[in-house]
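Trainee: Take this structure first; my questions come after.
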Amino acid sequence: MPLLYTIGRLTVAPTLRLAFRPTVEGLEYVPETGGAIFAGNHLSVADELFLGTVVPRHLAFWAKSEYFKGTGLKGRFSKFVLTGLGAIPVERGGGRAALSAFDAAIPALRAGDLVVVYPEGTRSPDGRLYRGRTGAVRLAVSAGVPVIPVGMIGTEKVQPIGARVPRPFTGQITVRFGKPLDFTGQPDDRTSLRTMTDEVMSEIQKLTGQEYVPRFAPARADPPVAEGPDAV
């Protein structure tokens with residue numbers, strides 16, 4: 001586990017547990033060892049914080065590459081933090097550059113790490129669950145690891161879009177894990193990836209109870225959280 005992530009586990013995580021007392025369901029589906037992909041809904045920046053708080057293993061988040069390329073003090077600090085946490089940069093433009101995320105994630109997964117991907121590709125603008133992009137399933141098929149659906153509930157209330165930090169006493173947070181989905185050996189053609197991704201999104205919807213929207217989430221004014229390269 002990266003040093004900075006370990007420090008966060010010893011400092012930030014206990015503080016969040018004490019201040020927000022998140023409810024956790026299905027933790028038995030989180031493997032004690034071995035690689036897996038967490039595919040979850042995305043309501044708030046706080047999703048990463050609370051997911052990392054309740055999972056006792058290191059989580060490697062895919063993060064947009066812009067966070068690793070900033071200039072000035074703020075840019076250097078962002079790069080230092082994300083690198084120290086073991087985050088994986090993703091190019092949003094697609095092509096060979098975007099596939100570098102796969103190049104980094106596949107060895108990590110095969111070595112037994114956990115990678116977090118948000119199939120919607122950005123935070124939900126209205127609390128609904130939008131159609132998933134296929135990057136998470138494509139990665140699972142390539143690495144030969146299961147996909148674990150994750151449902152985050154209440155994070156948009158404690159840290160709505162625009163809020164800088166989570167706000168205590170503004171809502172109850174629940175983190176739900178679903179049964180792992182095994183796509184080992186499945187074909188990776190466009191149609192198959194679409195079908196498997198729809199299955200993942202269906203399982204996420206069962207965990208969250210969100211209204212499902214059968215179209216991709218609208219683009220935000222700022223760059224979206226990286227979902228993964230070559231998503232369709």
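The values are calculated or read from the model by the stated rules, or taken from the named source; none is laboratory data. The structure displayed is predicted, hence computed values, not measured ones. We place every Cβ from the backbone using ideal geometry, glycine too, and count neighbours over all the protein chains shown. Areas reflect the complete protein model, heavy atoms only, side chains present, ligands, DNA and RNA absent. Shrake-Rupley method; radii C 1.70, N 1.55, O 1.52, S 1.80 Å.
Trainee: In the chain, with Lys and Arg counted as +1 and Asp and Glu as -1 at Cβ, which of these residues, GLY40, VAL30, THR134, has the Cα nearest the positive end of the dipole, that is, farthest along it?
Mentor: GLY40
Trainee: Right, something else. Compute the length gained on full extension between ARG110 and ILE161: take 0.36 nm times their separation in residues and subtract their Cα-Cα distance, giving the result in nm to one decimal.
Mentor: Using 0.36 nm per residue and subtracting the Cα-Cα distance, I get 14.9 nm.
Trainee: Starting from 0.36 nm per residue, how many nanometres of slack lie between GLN186 and THR83 once their C-alpha separation is accounted for?
Mentor: 33.8 nm
Trainee: Under the definition of Cα pairs under 8 Å and six or more residues apart, what whole-number percent is the relative contact order of the chain?
Mentor: Contact order relative to length: 30 percent.
Trainee: Calculate, for the chain, the solvent-accessible area per residue in square angstrom, rolling a 1.4 angstrom probe over the heavy atoms of the protein chains.
Mentor: Spelled out: the 1.4 Å probe surface of the chain, per residue, equals 47 Å².
Trainee: Taking a ≥ b ≥ c as the square roots of the Cα gyration tensor eigenvalues, with a/c under 1.5 meaning rounded and otherwise prolate when a/b beats b/c, else oblate, which class fits segment 65-202?
Mentor: Oblate is the answer for segment 65-202, as a/c is 1.5 or above yet b/c matches or exceeds a/b.
Trainee: log₁₀ I(q)/I(0) of segment 1-68 at q = 0.14, 0.16, 0.20 Å⁻¹, via Debye over equal Cα point scatterers, no solvent, to two decimals?
Mentor: Scattering profile of segment 1-68, log10 relative to I(0): -0.47, -0.63, -1.00.
Trainee: Then there's this: If you scale each eigenvalue of the Cα gyration tensor by 5 and take the root, what three semi-axes come out for segment 105-144, rounded to whole angstrom and sorted largest first?
Mentor: Semi-axes from the Cα gyration tensor: 25, 10, 6 Å.
Trainee: With +1 on the Cβ of every Lys and Arg and -1 on the Cβ of every Asp and Glu, and nothing else charged, how large is the dipole of segment 43-92 about its Cα centre, in debye rounded to the nearest 20?
Mentor: 220
Trainee: Might you report the magnitude of the Cβ-based charge dipole of segment 1-53 about its Cα centre, with Lys and Arg at +1 and Asp and Glu at -1, to the nearest 20 debye?
Mentor: 220
Trainee: How far is the Cα center of segment 126-184 from the Cα center of segment 1-54, in Å?
Mentor: Cα centres, segment 126-184 to segment 1-54: 11 Å.
Trainee: What value does the chain have for Rg/Rh, both radii from Cα atoms and Rh as Kirkwood defines it?
Mentor: 0.93
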